[in-house]
Amino acid sequence: MIAYCGLVCSSCPTFIATKNDDDLARKKTAAFLSEKYGLSFKTEEINCDGCLSSGVRLIGYCNTCEVRKCGITKSVENCSVCNERPCDKLNKFHEFSPDAKASYEALVRKNA
Ligand code: SF4
Ligand code: SF4
């Protein structure tokens with residue numbers, strides 16, 4: 001599952017822990033998010049069905065993400081096929097997430 005921003009949700013440890021309903025993986029993911037990003041999650045908060053889901057279970061920032069809201073409004077598969085790309089919203093998120101940027105840029109090249 002590729003998110004609007006380019007992140008590969010299906011490789012995300014939160015998504016995998018949710019799909020497997022694996023509490024040990026949730027605990028490890030919470031520790032990873034704390035160490036790498038300074039984010040504080042309880043084990044039971046590690047739940048996400050991915051950016052393209054209906055949004056009942058999204059984690060942290062993804063709950064309020066303007067890129068996701070915009071992608072849904074525009075009904076694009078992801079931002080790589082949007083005729084307004086790359087917009088300020090997307091650039092701003094990509095400054096925070098080089099992984100998403102790299103995956104997005106690979107999609108743009110693939111679509112060219
Ligand atoms: S909600 Fe936003 S940041 Fe999260 S995966 Fe989707 S587009 Fe990317
Ligand atoms: S306008 Fe920006 S955030 Fe919205 S779909 Fe297009 S590239 Fe993505």
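Points worth noting:
- Leading residue by the ranking (nearest to THR14 (Cα to Cα)) among those in segment 38-82 that are surrounded by fewer than 13 Cβ atoms within 10 Å (Cβ to Cβ) and hydroxyl-bearing (Ser, Thr, Tyr): SER40
- The number of residues in segment 56-71 being near ligand 2 (Cβ under 8 Å from one of its atoms) and more than 12 Å from ALA100 (Cβ to Cβ) comes to 3.
- Test: residue in segment 72-84 that is farther than 22 Å from SER53 by Cβ and within 10 Å of ligand 2 (Cβ to nearest atom): yes
- Leading residue by the ranking (nearest to ASP99 (Cα to Cα)) among those in segment 6-37 that are in a loop (DSSP other than H, G, I, E, B) and open to solvent by 90 Å² or more (accessible area, probe 1.4 Å): ASN20
- In segment 2-25, the residues that are in contact (Cβ under 8 Å) with a residue 40 or more places away in the chain and of a type in the set (S, T, N, Q): SER10, THR14
- Breaking point among (1) within 16 Å of ligand 2 (Cβ to nearest atom); (2) in contact with a helix residue (DSSP H, G or I) (Cβ under 8 Å, 6 or more places away or on another chain); (3) assigned to a loop (DSSP other than H, G, I, E, B); (4) touching a residue at least 40 places away in the same chain (Cβ under 8 Å), for HIS94: (3)
- Segment 73-105, subset among the aliphatic types (A, V, I, L, M) and closer than 28 Å to ALA30 by Cα, residue farthest from ligand 1 (Cβ to nearest atom): ALA102
The values are calculated or read from the model by the stated rules, or taken from the named source; none is laboratory data. Everything numeric in this text was worked out from a predicted model, so none of it was measured. Neighbour counts run over all protein chains shown; Cβ positions are idealised from the backbone, glycine included. Note: accessible area is taken over every heavy atom of the protein model, side chains too, but ligands, DNA and RNA are not part of it. Shrake-Rupley method; radii C 1.70, N 1.55, O 1.52, S 1.80 Å.
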